[in-house]
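Have a look at the structure below, then the notes.
The values are calculated or read from the model by the stated rules, or taken from the named source; none is laboratory data. Source: prediction; values computed, not measured. Neighbour counts run over all protein chains shown; Cβ positions are idealised from the backbone, glycine included.
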Amino acid sequence: MRAGGGAASILAALIALWILLPSVALAQQVVDPNTDPRVREVARDLQCPICQNLSVADSPSEMARQMRAIVRERLEAGESPGEVVQYFVDRYGEWILLSPRRSGFNLLVWAAPLAAVAVGLAIVSVLVRRWARAPASSGTALPVDPAMRERIRRETEAER
């Protein structure tokens with residue numbers, strides 16, 4: 001009887017292994033470097049070269065996946081997040097950054113919207129002041145040319 005019980009437990013162990021093995025293998029194959037918060041932080045600052053409107057952290061493209069892997073490798077090698085970002089800037093140029101740096105010519109990108117809002121508010125305030133100062137129509141008629149007054153009188157009499 002012991003031999004049958006041992007065979008059953010071995011069979012149960014093999015079935016459990018058969019069920020669990022694919023999920024363990026899949027978990028080992030799909031190691032998403034984006035799960036590391038440090039990788040995600042750096043990848044959020046980089047623009048995907050393929051998707052162009054998505055960060056490397058959010059992009060589903062193969063290129064973004066490779067870039068996340070590079071970020072993870074460089075961080076594990078001991079580089080700081082700034083050094084990793086600079087690596088990609090050196091390789092691709094400033095456009096790889098989702099938000100431009102606040103220095104040099106890039107200051108225009110940050111200052112232009114603020115300047116436009118300030119100019120718009122100034123224009124609106126000037127217009128509001130002019131409208132507030134304008135005389136309100138109080139029922140007084142503007143002076144009418146005497147020839148026009150005569151013409152209006154004749155036309156209204158002709159209609160009656």
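Among the residues of region 121-137, is there at least one that is in contact with a strand residue (DSSP E or B) (Cβ under 9 Å, 6 or more places away or on another chain) and without any contact (Cβ under 8 Å) to a residue 40 or more places away in the chain?
The answer is no; no qualifying residue exists.
Only one residue in S80, S99, S59 is within 24 Å of D36 (Cβ to Cβ) and in contact (Cβ under 8 Å) with a residue 24 or more places away in the chain, so which one is that?
Going through S80, S99, S59 in turn, just one is within 24 Å of D36 (Cβ to Cβ) and in contact (Cβ under 8 Å) with a residue 24 or more places away in the chain: S99.
Filter region 102-120 down to the residues that are part of a helix (DSSP H, G or I) and either in contact with a Phe, Trp or Tyr (Cβ under 6 Å, 6 or more places away or on another chain) or touching a residue at least 12 places away in the same chain (Cβ under 8 Å) (or both) and list them by number.
Within region 102-120, N106 is the sole residue that qualifies.
Is it fair to say A147 is over 30 Å from P49 (Cα atoms), at pLDDT 90 or above and hydrophobic (A, V, I, L, M, F, W, C)?
The answer is yes for A147.
In region 61-100, what residues are at pLDDT below 90, surrounded by fewer than 14 Cβ atoms within 10 Å (Cβ to Cβ) and not in a helix (DSSP H, G or I)?
Within region 61-100, G93, S99 qualify.
Determine which single condition I10 fails, assuming it passes every other condition in (1) assigned to a loop (DSSP other than H, G, I, E, B); (2) at pLDDT 80 or above; (3) loosely packed, with under 14 Cβ neighbours inside 10 Å.
All conditions are met except number (1).
Among the residues of region 21-30, is there at least one that is at pLDDT below 80 and either in contact with a strand residue (DSSP E or B) (Cβ under 9 Å, 6 or more places away or on another chain) or part of a loop (DSSP other than H, G, I, E, B) (or both)?
Taking every residue of region 21-30 in turn, at least one turns out to be at pLDDT below 80 and either in contact with a strand residue (DSSP E or B) (Cβ under 9 Å, 6 or more places away or on another chain) or part of a loop (DSSP other than H, G, I, E, B) (or both).
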